[in-house]
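Working notes, beginning with the structure itself.
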Amino acid sequence: MGYVAVKGGTHAIEESIRRLKYERTKKKSILHVKNIEAGMRGLIDQTMSESSLFSEKLASIAIKQAEGNPEEAVFLLRAYRSTLPRKHYSNKVVSEDMRVERRISASFKDIPGGQILGATTDYTHRLLDFNLATETDEDLLSWVSDFEKEETTDSDDTDLTKLTKVIDYLRNEGLVQECERNDQEPDDVTRKSLEFPSSRSERLQILSRGQTGAVTSLAYAVIRGYGSLHPTVGELRVGDLPIYINNPIDPTDDDDSYFIGEIKVTEAEMLMPVTVEKEHGKKEIEFEIGYGVCYGQNETKAISMGILDNCLENKNPDYPSHNEEFVLFHIDSVESTGFISHLKMPHYVTFQSKLDSVRKTKKKHSELNQEKQEVRV
Amino acid sequence: MMTTATAYNFAFFDEGSKREIRRATLKAISIPGYQVPFASREMPIARGWGTGGLQLTLSLVGKNDTMKVIDQGADESVNAVNIKKLIENTTGIGKTDETSEATIIQSRHRIPEVPLTKGQILVLQVPLPEPLRAFEASELETKKLHAEKEYSGAWLMLFEQIMKYGNMATDADHPVMVENRYVMAPSPIPRFDNPKMNHSDALILLGAGREKKVYAVPPYTRVVSLAFQDHPFEPESFEGESCKVCGANSVFMDELVEEESGETYYQCNDTSYCIERLNQAQEEGAL
């Protein structure tokens, strides 16, 4: 029986992999990568964000290979990412430079530049659209061309690349706690493992690449009661950020930089009211900020990250969500799914060892009981 | 588009990544038993499935190496096969089942029965590298405990087991003291294998991928299993039992049940050792 379980592994694995491929192909219809790129924006954005790899193309291939399972797609991209040499570091990216597609504030109605809804599911009715089952190329193309025609005639003077930040308004009023500018070189969690106490740059990186569901759940726990925060969305932005690198031959020359592309990100600046003690014990209420940013349009995640960022800035032993080891060690998709799934591996040796230990304690107990009985006799 | 074969460097990683892992390994060898943090790349196999060991192996492997991979004692176990395949595909080096032929042996939860020799490297896969985690959840705190050599918690844990069960109730991964300095998790090898770490001729490296730690037992290091004078360390006992296949005793054995008769019998857990003995017996018989 024993050898049956362990022998023939090579053949069994090969057959299992063939069967997996059959599951992907058995309906005899190809899902083209270009179709994934065209129609799975949400899944692509989530996958890119959790993988920390910005490439819609690679994400689409990963999604195809993973048959749409995000944990598997993220795993594929992360594994690929770790083989890529670090050729350049980009210049600092400032989110004021974002070409905004969507920008809202839940704190102020009338923000300079206005609330820009952009594309959002927030106000859709979640009614299944059965027409999609029979949508044709013609339907789609005619709708798109109509839409694009309308867009070009619709003119608006707002410069979407120069929107001021909502936070700046509060900062100018002195309502946001002053903080010093921190231009420290950020730590890189993919090049140096996390040690505690962690730096803010490490925390932000781990939150930003965290599993969407895990980050959301923990942030939800915080605002529901297992935390001490009452946040408001100061500003939520979605848009493209330009990335520049300095001339590799003379990296010190900041004026000689190259545009290498854009990344789509979601950014959330959360406001949390806190009581601060001023001179002579006078108490005032001010706002603290929690910052969230991630690849793609992942608004729930960015907001959740903003909440958790602030939690970890204000450690509180009463709540695990304010404990950096608890939060940072457990939200990574590749790590958590990997360790949970390792339970499927054989544990014959460890279990044998445990059996030995259990039997030993049983034996000791029965010996002791016998001794007791003998004493009574 | 690149093909899978050309998309990756020799031994999967880029050279910079390999160097980084080797630097951590050198530090680990210099401080026996101390857990050295390293960046730990994401691998094409899942966290918890041997990524720590695999990173060590891939960072060390050269074109002239011969590797052996075992999982819970078996060369043919599915995960061992899978890891072997990945190393083979990305390096093209030779593989063997025979312990004595291998230059690098990657293992999950066993030290082979054939004694390791000088020049060999044993790479153990580690799920939970922190021996103090059972009573201290915080990494920051356990780091301090190690720095201060404050191990009363580890002793108390064993003492409590004696109070509760009458003896130490550890199973695999029984903690060891390395060179009288660091308490170390030997990885979930059975207690039976703990003594093999002491004064080993081979270099033993331990890699925890998910927990991002590398540590080492250099050759000829003193490794002592934690125990009390009146409650000595006890390996698993297979007293009176011998392998049904090759007749070996005093090895670690799997406990199996005969499907038809329902009887319990035992078999060597180290499959290559068992087969080697069988072959030997056959040869001798043939002569």
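Since every read-out is calculated from the coordinates, none of them should be taken as a lab result. Owing to the predicted nature of the structure, the values given are computational and were not obtained by experimental measurement. All Cβ positions, glycine included, derive from the backbone under ideal geometry; neighbour counts span all protein chains shown.
Within the listed set A:T83, A:T164, A:T124, the Gaussian network model of chain A (springs between alpha-carbon atoms below 10 Å) gives the highest mean-square fluctuation for A:T124.
Subtracting the Cα-Cα distance of A:N247 and A:E14 from their residue separation scaled by 0.36 nm leaves 79.1 nm.
Remark on A:R209: its backbone amide H falls under 5 Å from none of the residues 5 or more positions apart or on other chains, H modelled at 1.01 Å from N. Our summary gives chain A a relative contact order of 17 percent, counting only alpha carbon pairs under 8 angstrom and 6 or more residues apart. Computed over region B:199-251, the quotient of the alpha carbon radius of gyration and 2.2 N^0.38 Å is 1.65. Looking at region A:176-268, the GluC sites (Glu not before Pro) that sit in a DSSP loop and have at most 11 other Cβ atoms within 10 Å of their own Cβ are A:E178, A:E180.
Contact order, relative form, for region B:75-185: 17 percent (alpha carbon pairs under 8 Å, 6 or more residues apart, mean separation divided by residue count). Percent of C-alpha pairs per 5 Å bin in region B:4-225, short distances first: 1, 7, 15, 20, 20, 16, 10, 6, 3, 1, 0, 0.
For a straight C-alpha distance cut-off of 27 angstrom, the lysines reachable from A:K364 (same-chain residues fewer than eight places away being disregarded) are A:K354, A:K372, B:K164.
In summary, the convex hull built on the alpha carbon positions of region A:1-129 has an orientation-averaged projected area of 14.8 nm². DSSP assigns beta bridges within the protein assembly as shown; of those with both partners inside it, close to 75 percent run antiparallel. Against the empirical curve 2.2 N^0.38 Å, the C-alpha radius of gyration of the protein assembly as shown lands at a ratio of 1.13. Ordering B:L124, B:V36, A:I17 by Cα displacement along the dipole of the protein assembly as shown toward the positive end leaves B:L124 in first place; charges were set at the Cβ atoms of Lys, Arg (+1) and Asp, Glu (-1). Distance from the Cα centroid of region A:169-215 to that of region A:286-362 is 18 Å (rounded to whole angstrom). Sorting the segments B:256-267, A:239-250 by their residues' average number of neighbouring beta-carbon atoms within 10 angstrom, most packed first, yields A:239-250, B:256-267.
For A:K64, a cut-off of 24 angstrom between C-alpha atoms picks up these lysines, skipping any fewer than 8 places away in its own chain: A:K21, A:K26, A:K27, A:K28, A:K34, A:K264, A:K301, B:K85. Diffusion coefficient of chain A by Stokes-Einstein, Kirkwood radius over Cα pairs, 37 °C, 0.692 mPa s: 131 µm²/s. Evaluated on region B:126-280, the Kirkwood hydrodynamic radius is 17.5 Å, with distances taken between all distinct Cα atoms. Taking all Cα-Cα distances within region A:263-306, those exceeding 13 Å account for 59%. Sites listed here are GluC sites (Glu not before Pro) in region A:12-115 whose DSSP assignment is loop and whose Cβ has at most 13 other Cβ atoms within 10 Å: A:E67. Separation of region B:216-249 from region A:266-283 is 60 Å, based on Cα centroids. Modelled this way, with points 7 Å down the Cα-to-C-beta line, the labels at B:A137 and B:T264 are 3.7 nm from one another.
A helix-only calculation puts chain B at -9000 deg cm²/dmol for mean residue ellipticity at 222 nm, using -39500 (n - 2.57) for each DSSP H run of at least four residues, averaged over all residues.
Computed from backbone phi, the HN-Hα couplings of region B:178-191 come to 9, 6, 6, 10, 10, 7, 9, 7, x, 6, x, 6, x, 4 Hz, rounded to whole numbers (Karplus: 6.51 cos²θ - 1.76 cosθ + 1.60, θ = phi - 60°; Gly and Pro given as x). Kirkwood radius and radius of gyration were both taken over the C-alpha atoms of region A:102-166, and their ratio Rg/Rh is 1.08.
Of the trypsin sites (Lys or Arg not before Pro) found in region B:174-235, the ones in coil according to DSSP and having at most 16 other Cβ atoms within 10 Å of their Cβ are B:R181, B:R222. Modelled spin-label separation between A:E67 and A:L160, with each label point placed 7 Å from Cα along the Cα-to-Cβ direction: 3.9 nm. Just checking the listed ones, B:I105, B:I162, B:I87: in the Gaussian network model of chain B with Cα springs under 10 Å, the one fluctuating most is B:I162. Listed from fewest to most Cβ neighbours within 10 Å, the set A:H322, A:H11 follows the order A:H11, A:H322. Within straight-line reach of A:K109, meaning a Cα separation under 17 Å, sit the following lysines at least 8 residues removed in sequence or on another chain: A:K165. The three principal axes of the C-alpha atoms in region A:11-81 carry coordinate ranges of 36, 26, 14 Å, sorted with the longest axis first. Only the Cβ atoms of Lys and Arg (+1) and of Asp and Glu (-1) were treated as charged; on that basis the dipole of chain B about its Cα centre amounts to roughly 1720 debye. When the Gaussian network model of chain A links Cα atoms closer than 10 Å, the mean-square fluctuations of A:A59, A:A268, A:A79 top out at A:A79.
When both bridge partners sit in chain A, DSSP labels roughly 95% of those beta bridges antiparallel. For chain A, the Cβ-based charge dipole about the Cα centre amounts to some 3160 debye (Lys, Arg positive; Asp, Glu negative; other atoms uncharged). Shape analysis of region B:237-287 based on the Cα gyration tensor places the equivalent ellipsoid semi-axes at 22, 13, 9 Å, largest first.
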